[in-house]
Amino acid sequence: MDVVLDGNSLSIEQIAAVARDGAAVALSPEARAKVQRSRDFLEQCVADGIAIYGVTTGIGELARVRISPEQSAELSRRIVYSHSAGTGDPFPPDVVRAAMLLRANVLAKAASGVRVSLVQTVLDMINKGVIPYINEKGSLGVSGDLSPLSQFAEVAMGEGRAFYKGELMSGAEAMRRAGVKPTDVTFKEGLGLINGSQMMTAGAALLVYDAERLLKNAVIASAMTLDALRAVERAFDPLVHRARPYPGQNAVAANLRRLFAGSQIMADKTGKVQDGYSMRCTPQALGPSFDTLEHVRRIVNIEANAAADNPLFFPDEQQYFAAGNFHGQPVGMVVDFLCIALAESADLSERHTNRLLNPVLSGLPDFLVEGNGLNSGLMVAQYTAAALVSENKVLSHPATVDSISVSADQEDHVSMGPIAVRKCGEILRNVRAVVAIEMMSAAQAFDFYPGKRPGKGTAIAYDLIREKVPMLKNDRVLYPDIEAIRQLIESNAILDAVEKEIGPLLLARDVQDLPRPNVLY
């Protein structure tokens, strides 16, 4: 189904559909008319001789210099050229496609003053598979993601470099092969293509999309551990969690109950009164990551449908403003928060793995293998989890607490949000591996309960893992096993199979019937 842009209703799911699944994009008729009115107003302002930042003046510290209307088109081109100053590896294609979509949606907001034809050029690039080559480092996350979006703008102008059908070539050749006519940028349109936070917002949107599924997998892994260690179920009773009405905590507790429901392993009572914190407090420890994810989703949704540009034009009010809606601080700060939320989910997962491997805590064979001494079992898999968890702690230092002044101190506060997005992506990849190690360990633990079936949901995960990874009876190389389970997590194979059996796992936003505390704000 096509995604129709109106500047106001683009969702994270639609972003993922365009970026990864090739969904087509169109501009709504209403947005098309609004974009034209915005352009007409800008052209009238230029004809009236009004000094407009980046249109009839220079930019940054050079805003004091007036530019004639005749020079404005050349200014737009030179803005793109001078700002294409990035470095590093290229962004993944899905992030670039998401960024182009988001920039088109900013323009559809109809406050940028660009022509409808420019928006159409961007949509044609998306729909026909032109993917600009964009270096991933160089943006400060303020004044827009200037450097990376300039490399996108180059290709829109028929210059720069781009991928087409997997082949890297000149932007001109990619546009020619795809049948897309490059734009001839005129006044404001250089800034109109680059003056916003769309690269970092694209990365943030895809992180939210992936984190949602990863956290559900983390709940499945936790349920497998609790099942295998015969946790005391009373800690997950609804009455306990309704008495502390955080949506994330209640969602996790409800998911756990459904996942290990009917377990023959947990039915074998041990006489324990309560378990250690990493077991008993799983909803309280993992639930805040679910709550954080909802906060991040809300902010990213706002940014995806915001007029993140400068200057802005409001034809209905006959007003023009040079302001700061390009500043990436909102997105940068919440992605820093998401780093913490994901890192903490891995912290809990590694502690679960430790409990599974330690015979004093589990009552199971040392490192989940018979013949200890000769066999080391899953011992060193925990080393890997510990290494990744420690790395995540370093990566969780917030990027947005830093700022370096640029442009002769005209741009003297910056968000550094792109760094937050980049390191959050690395954390997310690490968490997948940590959760895979927990799942591998829990599946191995299940094998020491012959004849007893795990819970309704945990058994589904176990069965799927065992299709890829056999029980460890004697030591073997472990990294292929870890990778096989990690791929099951990344592809959502485990999650899809579990949800097919027990229904969708709850997120924080799905918990609607909690008692509302009488809190004054």
Report, in deg cm²/dmol and to the nearest 500, the calculated mean residue ellipticity at 222 nm for the chain, where each DSSP H run with n ≥ 4 adds -39500 (n - 2.57) and the sum is divided by the residue count.
-> -18000 deg cm²/dmol
Equivalent ellipsoid dimensions for the range 168-305 as semi-axes, Å, which come from the Cα gyration tensor, largest first | 50, 18, 9
Cα centroid of the range 123-168 to Cα centroid of the range 481-498, whole Å = 32 Å
Calculated P(r) of the range 3-196 - Cα pairs past 24 Å, % = 36 percent
Lys/Arg +1, Asp/Glu -1 at C-beta; the range 1-138 dipole; positive extreme among ILE134, VAL119, ALA63 | ALA63
For a quick protection proxy, order the peptides 123-131, 297-305 by their average other-Cβ count within 10 Å, most packed first.
-> 123-131, 297-305
Restricting to lysine pairs 8 or more places apart or on different chains, what number in the range 3-196 have Cα atoms under 16 Å apart?
-> 4
Positive end of the charge dipole of the chain (Lys, Arg +1 and Asp, Glu -1 on Cβ, about the Cα centre): tell me which of ALA251, LEU10, PRO29 has its Cα farthest that way.
-> ALA251
Once you have the Cα-Cα distance between ARG213 and GLN318, take 0.36 nm times their residue separation minus that, and quote the gain in nm to one decimal.
-> 33.3 nm
For percent of Cα pairs over 47 Å apart, calculated from these coordinates, the label among (i) 22; (ii) 6; (iii) 11 | (i)
Most positive-pole-ward Cα, GLN44, LEU226, ALA493, against dipole of the chain from beta carbon charges | LEU226
With the range 65-163 reduced to its Cα atoms and the Debye formula applied, log10 I(q)/I(0) at q = 0.10 1/Å amounts to -0.27
Using a simple spin-label model with points 7 Å from Cα along the Cα→Cβ vector, what separation in nm is obtained for ASN492 and ALA172?
-> 4.2 nm
Using every pair of alpha-carbon atoms in the range 268-421, split the distances into 5 Å bins beginning at 0 and state the percent of pairs per bin, rounded to integers.
-> 2, 8, 11, 13, 13, 11, 10, 8, 7, 6, 4, 3, 2, 2, 1, 0, 0
Using θ = phi - 60° and Karplus 6.51 cos²θ - 1.76 cosθ + 1.60, couplings along the range 208-221 (whole Hz; Gly, Pro as x) | 4, 4, 6, 5, 4, 6, 5, 5, 5, 5, 5, 5, 4, 4
Please report, in debye to the nearest 20, how large the charge dipole of the chain is about its Cα centre when each Lys and Arg carries +1 at its beta carbon and each Asp and Glu carries -1 there.
-> 1000 debye
Order of VAL240, VAL55, VAL25 - criterion: other Cβ atoms within 10 Å of each residue's Cβ, fewest first = VAL240, VAL25, VAL55
The range 3-196 - charge dipole about Cα centre, Lys and Arg +1 at Cβ, Asp and Glu -1, debye rounded to 20 | 160 debye
Taking a quarter of the surface of the convex hull around the Cα atoms of the range 85-218, what do you get in nm²?
-> 8.5 nm²
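Quick note: the coordinates plus some simple rules give every number you see, no bench work behind them. The model shown is predicted, which means the values in this text are computed figures rather than measured ones. Please note: Cβ atoms are built from the backbone with ideal geometry, for glycine as well, and neighbour counts cover all protein chains shown.
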